[in-house]
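Working notes, structure below.
The values are calculated or read from the model by the stated rules, or taken from the named source; none is laboratory data. Because the structure is predicted, anything quoted here is derived from the model rather than measured. Virtual Cβ from ideal backbone geometry, glycine too; neighbours counted across all protein chains shown.
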Amino acid sequence: MKHALLTALALTVLATASPSQAQTARDLFSSKSTPSSHGAHPVGRHAKGCLAGAEQLPETGPTWQAMRLSRNHNWGHPEAVRFAQQLSVAATKVGWKGLYIGDISQPRGGPVFGHASHQIGLDIDVWLLPPERLNLTRAERENISSLNVRSADRKSVNSNWTRAHHRLLEATARDSRVNRIFITAPVKLQMCADAPKTDRAWLRKIRPWWGHNTHFHVRMNCPKGAVGCENPAPLPAGDGCEEAIWWVTDALQPPDPNAPAPKKKAPLVLADLPRQCGDVLNDG
Ligand SMILES: [Zn+2]
């Protein structure tokens, strides 16, 4: 009897252990709909970590709306939430009504569907669509699309790109809390062309990246004193304008058919993340 009970227990342990080992960190973190009860703390790196004590960006404010609410990705470190709200006020200075805010992080951060980063509550996607109204319903926030500012040949901006966009991205880059901004390369090149010859240091933070033609991605620095939060490697010196040309020349060439296929990265599992992320995940 005792033996049978032990066997049953062992089987139960096995049965519960194996599926959870197979579960990706993304599955585990996406199953949590509320933040952990810890103090606010980004753990690890923007693309490998989690977030303790997240705060939710209110769905609607005087100058912003959070989009795609069904994803429940409007959670961030309190400094990021504050920053998003302040940036939406700054948007009114360039003539916009405010901002449509896309994904920040999940309630406990961690790997998230559709992004490599956004894991520690310090990455914010901002739509390039100037809001026409800030009273969109939940359904409208699921269904409307943002604005594409890139030409069909992917080499330049199109007529959707405006001076107001430039001023908004410049103001974002000038903020000392911002580590870098990801945006489609044609925007970077256009901003390089339009920026005055002097006072261009802020341009370094505008980084060309794949996609990002309907939103820009703000990566914030680790908050002061956040032990265990790791900033990315520093940006290379210079304004990055010369280097950005590659993106509209070589990067657009068709891939060499004889080149080996790029290796697929295995999805992150919990053991890949900093150890504290287990506590964040399992709290409460
Ligand atoms: Zn993003």
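Do any strands (runs of 3 or more DSSP E) entirely within the stretch 45-110 hold 3 or more residues that are surrounded by fewer than 22 Cβ atoms within 10 Å (Cβ to Cβ), modelled with pLDDT under 95 and aliphatic (A, V, I, L, M), and if so, which? Step through it out loud before you land on a result.
On the way: elements: 48-52, 64-66, 99-101.
By residue number, no strands (runs of 3 or more DSSP E) qualify.
For the stretch 200-240, how many residues meet the condition of being crowded, with 20+ Cβ neighbours inside 10 Å and of a type in the set (Phe, Trp, Tyr)?
Of the residues in the stretch 200-240, 1 are crowded, with 20+ Cβ neighbours inside 10 Å and of a type in the set (Phe, Trp, Tyr).
Just the residues that are of a type in the set (A, V, I, L, M, F, W, C), in contact (Cβ under 8 Å) with a residue 12 or more places away in the chain and either away from the ligand (no atom under 16 Å from the Cβ) or assigned to a strand (DSSP E or B) (or both), please, taken from the stretch 194-236.
Within the stretch 194-236, 195, 201, 202, 203, 206, 216, 218, 220, 222, 226, 229, 235 qualify.
So how many residues does the stretch 241-284 have that are surrounded by 12 or more Cβ atoms within 10 Å (Cβ to Cβ) and part of a helix (DSSP H, G or I)?
We begin by selecting, within the stretch 241-284, every residue surrounded by 12 or more Cβ atoms within 10 Å (Cβ to Cβ); these are 241, 243-248, 251-252, 267-270, 272-274, 276-283.
From what's left, part of a helix (DSSP H, G or I): 241, 243-248, 251-252, 270, 272, 276-282.
Counting residues in the stretch 241-284 that are surrounded by 12 or more Cβ atoms within 10 Å (Cβ to Cβ) and part of a helix (DSSP H, G or I) gives 18.
Just checking, does the stretch 124-144 include any residue being within 12 Å of the ligand (Cβ to nearest atom), part of a loop (DSSP other than H, G, I, E, B) and touching a strand residue (DSSP E or B) at 6+ places or on another chain (Cβ under 6 Å)? Steps first, answer last, please.
Taking the stretch 124-144 and keeping what is within 12 Å of the ligand (Cβ to nearest atom), we get 124-127.
Still in the list and also part of a loop (DSSP other than H, G, I, E, B): none.
No, every residue in the stretch 124-144 fails to be within 12 Å of the ligand (Cβ to nearest atom), part of a loop (DSSP other than H, G, I, E, B) and touching a strand residue (DSSP E or B) at 6+ places or on another chain (Cβ under 6 Å).
Within the stretch 179-193, can you find the residues that are under 12 Å from residue 161 (Cβ atoms) and either in a loop (DSSP other than H, G, I, E, B) or among the small types (Gly, Ala, Ser) (or both)? So that I can check it myself, show each step before the final result.
We begin by selecting, within the stretch 179-193, every residue under 12 Å from residue 161 (Cβ atoms); these are 183-184, 186-191, 193.
Across the stretch 179-193, the qualifying residues are 184, 193.
Check residue 28 against each of (1) outside any strand (DSSP E or B); (2) crowded, with 17+ Cβ neighbours inside 10 Å; (3) within 15 Å of the chain's Cα centre (by Cα) and name the one condition it does not meet.
(3)
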